[in-house]
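In what follows, a single structure is set out as structure tokens and then discussed.
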Amino acid sequence: MNPYLPPLAGGLLIGLSAAMLLLLNGRIAGISGLVAGLGRPGSARWLADAAFVLGLILGPPAFALLAGHWPEMRIAAGLPALALAGLLVGFGTRLGSGCTSGHGVCGLARLSLRSIAAVLVFLATGMLTVAALRVLA
Amino acid sequence: MSAALHSLAALAAGLIFGLGLALSGMLDPARVRGFLDVAGAWDPSLVFVLGGAVTVSRLGYLLSRRLRGPVLDSRFDLPARHRIDAPLILGAALFGIGWGVSGFCPGPAVAALSTAAAPVLVFVVAMLVGMALHGLLPAAPMERSRSIGTAGGSGNRRARGSAST
């Protein structure tokens, strides 16, 4: 099988999810925003946002059920690096109003200039970071 | 409105998102970092993930512009801000660094909680702490939620809300 077929098919599903959430609930499928919103219970959308996050967590087990194996997950970074990275990702996505899903999947689809800028910036710093770590290693 | 239907739709959308992530290879930080590793053995598969996702998402967005409102709600809650400002750039830059170090962005990390792997738990807890730290900043401008009626020209009920993407 073509190695790029699963990534493409997975991407189509992700896009379908974003389209569903917009057309049915009027919501942007931005994971960092949805997750951060869970810290503010009582908002009108809390239940639906929590349901989305629950569905997201159930996704990999559902995949395992269908495919007969869990998706591959190779984590090279150590725990301190992961903790630092998590802090940066959490703080950065809130400050920057979104992540790969909100700015990438949804924002690019709306041709939002803010999202295009954000995607270019996080791709650039992500690539520079990996390159810098490669030099240091 | 009907909270049950809303939640059911959101649950289904979340499940499809998580399935898509698992199928696409995005749950594998090594693969994600391979995509970011343009100076090394570059793995282009994420181009296909993002390409496929943005294409279908774009179709959904174009369809939404022809609708008066979403099926289960009264209005589309879309980001209202258009200015490219310092918080956007700084935030995206910090996120990119964390993404490069770990290979995780929020969607795959949350989806991977189902594996109950310790590194994932550490990353997600730290991510939540990072989000909470941002919440402590004075006058975080993106928290203000407003929904004023028509925008976007053709009589669509498009809210100018604060939907954080």
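The values are calculated or read from the model by the stated rules, or taken from the named source; none is laboratory data. In this text the structure is predicted, and so the values were computed from the model without any measurement. Counting neighbours? That spans all protein chains shown, and the Cβs are built from the backbone with ideal geometry, glycine included.
Just a yes or no: is a residue in region A:53-61 assigned to a helix (DSSP H, G or I) and either more than 7 Å from every other protein chain (Cβ to nearest Cβ) or at positive phi (or both)?
The answer is no, given that none of the residues of region A:53-61 is assigned to a helix (DSSP H, G or I) and either more than 7 Å from every other protein chain (Cβ to nearest Cβ) or at positive phi (or both).
Is it true that B:Ile89 is surrounded by fewer than 21 Cβ atoms within 10 Å (Cβ to Cβ), more than 17 Å from the chain's Cα centre (by Cα) and without any contact (Cβ under 8 Å) to a residue 24 or more places away in the chain?
Judged against the criteria, B:Ile89 is not a match.
Go through region B:59-69 residue by residue and tally those that are in a helix (DSSP H, G or I) and out of contact with any helix residue (DSSP H, G or I) (no Cβ under 8 Å at 6 or more places or on another chain).
Qualifying residue count, region B:59-69: 2.
Kindly establish whether B:Gly69 is in contact with a strand residue (DSSP E or B) (Cβ under 9 Å, 6 or more places away or on another chain) and not aromatic (Phe, Trp, Tyr).
yes
Please enumerate the residues belonging to region B:70-102 that are at the interface with another protein chain (Cβ under 7 Å from one of its Cβ atoms) and in a loop (DSSP other than H, G, I, E, B).
Residues satisfying the conditions are B:Pro70, B:Val71, B:Leu72, B:Asp73, B:Arg75, B:Arg81, B:His82, B:Ile84.
Within region B:41-50, is even one residue surrounded by fewer than 19 Cβ atoms within 10 Å (Cβ to Cβ), on the phi < 0 side of the Ramachandran plot, at the interface with another protein chain (Cβ under 7 Å from one of its Cβ atoms) and not polar (S, T, N, Q)?
Scanning region B:41-50, I find no residue that is surrounded by fewer than 19 Cβ atoms within 10 Å (Cβ to Cβ), on the phi < 0 side of the Ramachandran plot, at the interface with another protein chain (Cβ under 7 Å from one of its Cβ atoms) and not polar (S, T, N, Q), so the answer is no.
Look at region A:32-45 and say how many of its residues are within 12 Å of B:Asp77 (Cα to Cα) and facing another protein chain (nearest Cβ under 7 Å).
So the count comes out to 0.
Can you tell me which of B:Val38, B:Val54, B:Val110 is within 7 Å of chain A (Cβ to nearest Cβ) and surrounded by fewer than 19 Cβ atoms within 10 Å (Cβ to Cβ)?
Matching residue, one of B:Val38, B:Val54, B:Val110: B:Val38.
Can you name every residue in region B:103-126 that is in a helix (DSSP H, G or I), out of contact with any Pro (no Cβ under 7 Å at 6 or more places or on another chain) and not β-branched (Val, Ile, Thr)?
B:Pro106, B:Gly107, B:Pro108, B:Ala109, B:Leu113, B:Ala118, B:Pro119, B:Leu121, B:Phe123, B:Ala126
Give A:Ala48, A:Ala29, A:Ala109 a once-over and let me know the one that is assigned to a helix (DSSP H, G or I), in contact with a helix residue (DSSP H, G or I) (Cβ under 8 Å, 6 or more places away or on another chain) and facing another protein chain (nearest Cβ under 7 Å).
Sole residue among the options that is assigned to a helix (DSSP H, G or I), in contact with a helix residue (DSSP H, G or I) (Cβ under 8 Å, 6 or more places away or on another chain) and facing another protein chain (nearest Cβ under 7 Å): A:Ala48.
Taking the conditions exactly as written (under 21 Å from B:Ala10 (Cβ atoms) and assigned to a helix (DSSP H, G or I)), does A:Ser43 satisfy them or not?
Here the answer is no, as A:Ser43 does not meet what is asked.
Would you mention how many residues in region A:4-26 are facing chain B (nearest Cβ under 7 Å) and farther than 14 Å from A:Gly102 by Cβ?
Count: 16.
Inspect all residues belonging to region A:89-101 and state whether any of them is more than 7 Å from chain B (Cβ to nearest Cβ), in a helix (DSSP H, G or I) and either hydrophobic (A, V, I, L, M, F, W, C) or surrounded by fewer than 24 Cβ atoms within 10 Å (Cβ to Cβ) (or both).
The answer is no, given that none of the residues of region A:89-101 is more than 7 Å from chain B (Cβ to nearest Cβ), in a helix (DSSP H, G or I) and either hydrophobic (A, V, I, L, M, F, W, C) or surrounded by fewer than 24 Cβ atoms within 10 Å (Cβ to Cβ) (or both).
What's the number of the only condition in (1) closer than 25 Å to B:Val129 by Cα; (2) more than 7 Å from chain B (Cβ to nearest Cβ); (3) under 17 Å from the mean Cα position of the chain (by Cα) that A:Gly78 fails to meet?
(3)
Give the residues of region A:112-127 that are more than 7 Å from chain B (Cβ to nearest Cβ) and surrounded by fewer than 18 Cβ atoms within 10 Å (Cβ to Cβ), sorted by residue number.
Selection gives A:Ile116, A:Leu120.
Is it the case, given these coordinates, that B:Ala30 is buried (at least 21 other Cβ atoms within 10 Å of the Cβ) and at pLDDT 95 or above?
Considered against the rule, which asks whether it is buried (at least 21 other Cβ atoms within 10 Å of the Cβ) and at pLDDT 95 or above, B:Ala30 comes out as no.
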